[in-house]
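The values are calculated or read from the model by the stated rules, or taken from the named source; none is laboratory data. All of these numbers come straight from a predicted model, not from anything done at the bench. Here the Cβ positions follow ideal geometry from the backbone for every residue, glycine too, while neighbour counts run over all protein chains shown.
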Amino acid sequence: MHRDAPRGRLARLSLLMTALATVASIALALFASPMAAAAPLTSNAPVVAVVPTPTGAGYWQIASDGGVFTFGDAQFYGSLGGARLNSGIVAVTRTPSGAGYWLTAADGGVFSFGDAQFFGSLGSVRLNAPIVGITATPTGNGYWLTASDGGVFSFGDAQFFGSLGGIRLNAPVVGIAATPTGKGYWLTGADGGMFAFGDAQFYGSLGGIRLNAPVVGIAATPTGKGYWLTGADGGMFSFGDAQFYGSLGGVTLAAPVVAIAPTPTGHGYWLTGKDGGMFAFGDAPFLGRVTYTPPAQPAPQPSTAPQLAGQLLTSRATFQTVHASGIADNANAKQNIVDTANGSAAARSNYDADGAGGLPTAPGGVVALRPSMLQGLLTIAQSTTVRVSEVSGGQHHANSKHYAGAAFDIDLINGKTPNLTTGSNANATPLLNSCRSSGASLVQVENLGQPGTHVHCEWAG
């Protein structure tokens, strides 16, 4: 029996290992199955707000089209997704029970869901500025709306304690937060300015401080003795008994932060981005996110030669109406640009001002001016006053890019002859660099120090 015992133990061990392997195979199959992975939530519109549940174990993310997305113990009580709205949703606040919420739109429309009662709205009222925030009273029997001009509108048992309406502000108001008693509220501006009303105390502000990004949201601590402000770059600023638990300042974000929500304990907070990104700090748990991807923008269409020529005629460029030789014809620089703006080809000169042994006779005929060349000239003429002496006209060497409609000459820069001397008088250098940046294949100053000095830029092809 003693000799058989090891065999029995080995047999039982073998059966156990087989069973474990079977369980592992089933687990791997489940995890590998597409059914095991929940499909990511996507939004058709940018995220604009977030609000936590009373337990702090869940939150709702809200999109500008009224879409509502639930995470953790947050329950879904309805949304406006798919509804035709007169104005986009901008903010959300929940009922004290967490069994309902209100959404508000920029036009002051208010939409109630779950146990949230409707106490009125501004949907049919002509406003001086759009609504930017909403916050509920502690009883849940009322709410305040605030507008970007600091106007405050109270509904239900919400009392009016003052506003900034009619006051000249340094920056628009971006949010509102109520005190725990419901007997006061704070407004904050995009510059971080803080305005306290009722029993709300002032604990500091960012007004007068140079910010890297505008403030976009405010949240009060549970005690009402402090508040946090957040910037579009995820920067966090704490005042009063609000503690700092971290920020996104200095982090490269895929989209700007749009809102902040505190945990019920006041020992943490969430930030949400326009793209639905959720960032949890302190005792705030990460419970998921929705994803908004902006629609792809069509690639900008290159401007046509007539469009570019038309812009040149209203730019800081002027165009000679005679050639450097003194000859006047219909191929002067001004006429070249005018003809191109009108959809016609530009003329080339047909003369020989040098005589035998000089430059070959100009070929005559017409040519289409290159858009790349015109764009290069427009880039210069948008910031510098220049005079263009030649485009496709004039007399040049046999293979000149002027005759191909791919070159221009500039003989005056801010009223002065081009030069390459050192110091502030080297006025040609910025033009040469601009031409290079615009794709020119050859840039140079020709006839330097002689009559007819000019900047020459040409494009290949």
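Points to keep in mind about this one:
- Yes/no for residue 160 being buried (at least 21 other Cβ atoms within 10 Å of the Cβ), of a type in the set (Phe, Trp, Tyr) and in contact with a strand residue (DSSP E or B) (Cβ under 9 Å, 6 or more places away or on another chain): no
- Verdict on residue 317 being touching a Ser or Thr at 6+ places or on another chain (Cβ under 6 Å), at negative phi and of a type in the set (Gly, Ala, Ser): no
- Of the listed requirements (1) out of contact with any strand residue (DSSP E or B) (no Cβ under 8 Å at 6 or more places or on another chain); (2) in a loop (DSSP other than H, G, I, E, B); (3) in contact (Cβ under 8 Å) with a residue 24 or more places away in the chain, residue 419 misses just one: (1).
- In the set 359, 369, 374, only one residue is at pLDDT below 95, hydrophobic (A, V, I, L, M, F, W, C) and surrounded by 15 or more Cβ atoms within 10 Å (Cβ to Cβ); that residue is 359.
- Residues in region 167-189 that are under 30 Å from the mean Cα position of the chain (by Cα) and surrounded by fewer than 22 Cβ atoms within 10 Å (Cβ to Cβ): 167, 168, 169, 170, 171, 172.
- Residues in region 272-300 that are outside any strand (DSSP E or B) and among the aromatic types (Phe, Trp, Tyr): 286 alone.
- Residue in region 93-100 that is more than 24 Å from the chain's Cα centre (by Cα) and under 17 Å from residue 260 (Cα atoms) present: yes
- Residue in region 100-107 that is without any contact (Cβ under 8 Å) to a residue 60 or more places away in the chain, among the small types (Gly, Ala, Ser) and farther than 22 Å from residue 272 by Cβ present: no
- Of the numbered criteria (1) closer than 18 Å to residue 46 by Cα; (2) touching a strand residue (DSSP E or B) at 6+ places or on another chain (Cβ under 8 Å), the one residue 83 fails is (2).
- Scanning region 239-268 for residues that are of a type in the set (Ser, Thr, Tyr) and within 23 Å of residue 53 (Cβ to Cβ) gives 245, 263, 265.
- In the set 343, 326, 288, only one residue is under 28 Å from residue 42 (Cβ atoms) and either modelled with pLDDT under 95 or among the small types (Gly, Ala, Ser) (or both); that residue is 288.
This table checks each residue for (1) aliphatic (A, V, I, L, M); (2) more than 17 Å from residue 317 (Cα to Cα); (3) surrounded by fewer than 19 Cβ atoms within 10 Å (Cβ to Cβ).
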| site | (1), (2), (3) |
| --- | --- |
| 396 | no, yes, no |
| 401 | no, yes, no |
| 408 | no, no, no |
| 416 | no, no, yes |
| 436 | no, yes, yes |
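- Residue check, residue 246 free of Cβ contacts under 8 Å to residues at least 40 places away in the same chain, outside any helix (DSSP H, G or I), at positive phi and exposed (fewer than 14 other Cβ atoms within 10 Å of the Cβ): no
- If the condition is being of a type in the set (A, V, I, L, M, F, W, C), assigned to a loop (DSSP other than H, G, I, E, B), over 11 Å from residue 403 (Cβ atoms) and in contact (Cβ under 8 Å) with a residue 12 or more places away in the chain, then region 343-384 contributes 345, 353, 359, 368, 369.
- The combined condition, being crowded, with 16+ Cβ neighbours inside 10 Å, among the small types (Gly, Ala, Ser) and over 42 Å from the mean Cα position of the chain (by Cα), is fulfilled by residue 331.
- Lone qualifier among 196, 200 - being of a type in the set (A, V, I, L, M, F, W, C), part of a loop (DSSP other than H, G, I, E, B), in contact (Cβ under 8 Å) with a residue 12 or more places away in the chain and over 16 Å from residue 281 (Cβ atoms): 200
- Residues that are surrounded by 13 or more Cβ atoms within 10 Å (Cβ to Cβ) and either under 22 Å from residue 238 (Cα atoms) or of a type outside the set (Val, Ile, Thr) (or both), drawn from region 287-302: 287, 288, 289, 292
- Single residue of 385, 321, 379, 314 found to be under 27 Å from residue 416 (Cβ atoms), in contact with a helix residue (DSSP H, G or I) (Cβ under 7 Å, 6 or more places away or on another chain), at pLDDT below 95 and among the hydroxyl-bearing types (Ser, Thr, Tyr): 379
- Sole exception among (1) crowded, with 23+ Cβ neighbours inside 10 Å; (2) without any contact (Cβ under 8 Å) to a residue 40 or more places away in the chain for residue 270, by number: (2)
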